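Asks: Here's a structure for you.
The values are calculated or read from the model by the stated rules, or taken from the named source; none is laboratory data. Quantities reported herein were computed from a predicted structural model and do not represent experimental measurements. Methodologically, a virtual Cβ is constructed for each residue, glycine included, from the backbone with ideal geometry; neighbour enumeration extends over all protein chains shown. With ligands, DNA and RNA removed, areas are computed over all heavy atoms of the protein, side chains included. Shrake-Rupley method; radii C 1.70, N 1.55, O 1.52, S 1.80 Å.
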Amino acid sequence: MSVRELSPPIPKAGVMGWPIGHSLSPRLHGFWLQKLGLAGSYEALPVRPEDLAVSLRGLQDRGFCGVNLTVPHKVAACAIVDELDPTARRIGAVNLVTVEKQGRLFGRNTDAYGFTQNLLAGGFKAERGAAFVLGAGGACRAVIVALVDMGFGEIRIANRTLERAEKLAREFAAPSCKISVAAWDEAPQALPNIDLLVNTTSLGMKGQPALEFALDALPTTAFVTDIVYAPLETDLLRRAKLRGNRAIDGLGMLLHQARPAFKAFFGRDPQVTEELRRYVLEDKSC
Ligand code: ATR
């Protein structure tokens, strides 16, 4: 038997989405592979929604150890994988699929982890407090799960479509965490006693309308974070900083959610550093 036959296969991973050209993940994983001197590859995989099941089922034959999933595949993948981890089940979305023994597909969600790690890295101390969440869409679900698991005692959700916020409040209320809703127009008045304000809407993103949300009632001790990272400093974060609030941008959530994925694919726990942030930001689309 030759040495070549004995060596383990080079781990191959990627990210599936449609469209996928905008994804920063190949750049991010490529940076870590190079930094850690690991053999491995990570590629952008354009997959149409109707081809998701076949593409996931074909991963093993194509030599992949796993993939990340992005828009629009995260929810659909829940019904395709063979096993879902409890966090992915609660969030109702999968952003990491690994190929296990006998080709079984294991679905996980690392977005809540990424959100929490980004806050902690930005100096936020997780204590039983109150959070205010703007939005009630898909991205919001991972944020709510993260906040409940961080030990927040109270979460208030404001969304343009009130029913979506009410549905989330019913679904995620826990004995340790009271979840209430606020009408979108009255939300700015519902900010006193808040420790953390989170924007999970698409407002403020490049090409989207601005998030016109008055911060006057927000305590200056509160942290403000935005899951939007293009632009890196959203208008919300800029206004928060100007009045003395600590602001944490959304890029860190993307970088931190990728760490468990990298570990699953390539076996090493990578670091989120300033050098990585700068490298990822050099991508002109961000
Ligand atoms: P995602 O899965 O990325 O969260 P989504 O499910 O479409 O995307 O949710 C986008 C969020 O941004 C929702 O909370 C949405 O409010 P609605 O539930 O009322 O649609 C919010 N959003 C988008 N455009 C908005 C706007 N112009 N004003 C207020 N909220 C807006």
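Asks: Restricting to DSSP loop positions (anything but H, G, I, E, B) with no more than 16 other Cβ atoms inside 10 Å of their own Cβ, which trypsin sites (Lys or Arg not before Pro) remain in the stretch 193-266?
Replies: K206, R243
Asks: Over the stretch 112-249, with a single point scatterer placed on each C-alpha, what log10 of the ratio I(q)/I(0) does the Debye formula yield at q = 0.11, 0.12 1/Å?
Replies: -0.33, -0.40
Asks: Could you check which residue among N95, N245, N199 shows the biggest mean-square fluctuation in a GNM of the chain with a 10 Å Cα cutoff?
Replies: Fluctuation is largest for N245.
Asks: Take the Cα of N193, step 7 Å along the line toward its Cβ, and report every residue of the stretch 160-186 whose backbone nitrogen sits under 14 Å from that point.
Replies: Answer for this model: 178-181.
Asks: Can you compute 3J(HN,Hα) from phi for each residue in the stretch 202-208, using the Karplus curve 6.51 cos²θ - 1.76 cosθ + 1.60 with θ = phi - 60°, rounded to whole Hz and x for Gly and Pro?
Replies: 8, 5, x, 6, 3, x, 10
Asks: Rounded to the nearest 500, what is the 222 nm mean residue ellipticity of the chain from helices alone, with -39500 (n - 2.57) per DSSP H run of 4+ residues and division by all residues?
Replies: Rounded to the nearest 500, the figure is -9500 deg cm²/dmol.
Asks: Rg (Å, one decimal) plus Dmax (Å, integer) for the alpha carbons of the chain?
Replies: According to the Cα coordinates of the chain, Rg and Dmax are 19.6, 73 Å.
Asks: A further question on this structure: For the chain, what does the accessible surface come to per residue with a 1.4 Å probe? Please give it in Å².
Replies: Details: 13790 Å² over 286 residues.
Each residue of the chain exposes 48 Å² on average to a 1.4 Å probe.
Asks: Another question, then. Considering lysine pairs in the stretch 112-249 that are 8 or more places apart or on different chains, how many have Cα atoms under 27 Å apart?
Replies: Count of close lysine pairs: 4.
Asks: Then there is this: Using bins 10 angstrom wide from zero, how does P(r) for the stretch 214-274 break down, in % of all Cα pairs?
Replies: Per 10 Å bin, starting at zero, the Cα-Cα P(r) for the stretch 214-274 comes out as 22, 38, 24, 13, 3 percent.
Asks: While we're looking at this one, here's another question. Could you work out what % of the accessible surface of the chain is carbon and sulfur, using a 1.4 angstrom probe and leaving DNA, RNA and ligands out of the count? Mind dumping the intermediate values first?
Replies: Details: 7170 of 13790 Å².
Looking at the chain in its full context, I get 52 percent from C and S.
Asks: Now, a different point. Specify which residue in the list A136, P175, P188 is farthest towards the positive end of the charge dipole of the stretch 112-249, using unit charges on the beta carbon of Lys, Arg (+1) and Asp, Glu (-1), about the Cα centre.
Replies: My answer, from the dipole projection, is P175.
Asks: Given a Förster radius of 22 Å and the C-beta distance between D85 and D283 as r, what FRET efficiency does 1/(1 + (r/R0)^6) yield to the nearest 0.05? Kindly include the intermediate steps, with their values, before the conclusion.
Replies: Details: r = 30 Å, r/R0 = 1.36.
Between D85 and D283 the formula returns 0.15.
Asks: Please list the equivalent ellipsoid semi-axes of the stretch 139-213, computed as the square roots of five times the alpha-carbon gyration tensor eigenvalues, in descending order and whole angstrom.
Replies: 21, 13, 13
Asks: While we're looking at this one, here's another question. Would you kindly calculate the translational diffusion coefficient of the stretch 178-286, applying Stokes-Einstein with the Kirkwood radius from alpha carbon pairs, for 25 °C and a viscosity of 0.890 mPa s, and quote it in µm² s⁻¹ without decimals?
Replies: Reported coefficient: 158 µm²/s.
Asks: With a point put 7 Å past each Cα toward its Cβ, work out how far E275 is from H22 in nm, to one decimal.
Replies: It is 3.0 nm.
Asks: Here's another thing I want to ask about it. Please state, to two decimals, what the Cα-based radius of gyration of the stretch 35-168 comes to when divided by 2.2 N^0.38 Å (N = residues).
Replies: Relative to the 2.2 N^0.38 Å estimate, the stretch 35-168 comes out at 1.21.
Asks: Another question, then. Any aspartates and glutamates with Cα under 13 Å of the K35 Cα? List them, leaving off those in the same chain fewer than 8 positions away.
Replies: D269, E275
Asks: Pairwise over distinct Cα atoms, reciprocal of the mean inverse distance: report the Kirkwood radius of the stretch 1-91 in Å, one decimal place.
Replies: Kirkwood radius, the stretch 1-91: 14.6 Å.
Asks: Next up: Indicate the gyration tensor shape class of the stretch 48-113 (rounded, prolate or oblate), computed on the Cα atoms with a ≥ b ≥ c the square roots of the eigenvalues: a/c under 1.5 is rounded; otherwise a/b larger than b/c is prolate and the rest oblate.
Replies: On the way: a/c = 1.84, a/b = 1.31, b/c = 1.40.
Here the stretch 48-113 falls in the oblate category.
Asks: Of the GluC sites (Glu not before Pro) in the stretch 133-220, which ones lie in a loop per DSSP and count no more than 16 other C-beta atoms within 10 Å?
Replies: For GluC sites (Glu not before Pro) across the stretch 133-220 that sit outside H, G, I, E and B with at most 16 neighbouring Cβ atoms in 10 Å, the list reads E212.
Asks: For Q60, enumerate residues with amide H under 5 Å from its amide H, sequence gap 5+ or separate chain, H modeled in the peptide plane.
Replies: Placed amide hydrogens put nothing under 5 Å from Q60.
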